[in-house]
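Every number in this text was worked out from the coordinates using simple rules, so none of it is lab data. Everything numeric in this text was worked out from a predicted model, so none of it was measured. Methodologically, a virtual Cβ is constructed for each residue, glycine included, from the backbone with ideal geometry; neighbour enumeration extends over all protein chains shown.
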Amino acid sequence: MAGGIMDNSIVDLLIEKTKIAGVTSIFIGVISMICLGLEFGINYYYGFFIGILNFIFFSIGSYKLIDKGSGKAKTVQFLLFIARYVIVAIALSIAVTEFGANVFALFIGLLTINISLVISVIPVKFKKRKEV
């Protein structure tokens with residue numbers, strides 16, 4: 001166990017996917033700052049940061065579900081899902097109402113982790129096709 005939270009292999013996978021997301025965010029962030037301005041880029045990175053935290057909480061929650069019995073798993077999964085999205089909603093609403101953040105930039109930032117996960121799977125899909 002890595003610090004009692006997760007297995008080392010899962011932590012390594014989480015770090016690998018977070019690094020891929022980081023590289024993707026640098027690419028998207030720099031292009032957005034050049035094309036759409038510094039404020040858009042800052043808002044993008046704020047959304048990205050929230051997305052990474054959401055992904056980490058999702059990963060920890062998923063790992064914890066493995067330890068639960070099948071009877072409690074659905075309840076725990078539902079509660080973790082609600083908690084994650086309430087936290088994200090609060091962070092986004094504060095960014096928009098208090099700081100006037102660009103909603104589109106925040107949305108793209110939130111999606112970056114998903115985009116990077118898809119990008120990281122593409123080479124594996126092509127590799128499997130060649131082996132068949």
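Kindly put Leu111, Leu38 in sequence by how many other C-beta atoms sit within 10 Å of each C-beta, fewest to most. Numbers along the way, then the final one.
Details: Leu111 14, Leu38 10.
By the 10 Å Cβ count, ascending, the order reads Leu38, Leu111.
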| task | With N denoting the number of residues in segment 8-131, provide Rg(C-alpha) divided by 2.2 N^0.38 Å, to two decimal places. | result | 1.22
| field | Dipole of segment 8-131 [Lys/Arg +1, Asp/Glu -1 at C-beta], most positive-end residue of Pro123, Ile26, Leu38 | value | Pro123
| Karplus-derived HN-Hα couplings along segment 42-57 (A = 6.51, B = -1.76, C = 1.60, θ = phi - 60°), whole Hz, x at Gly and Pro | 5, 5, 4, 5, 5, x, 4, 4, 5, x, 5, 4, 4, 5, 5, 4
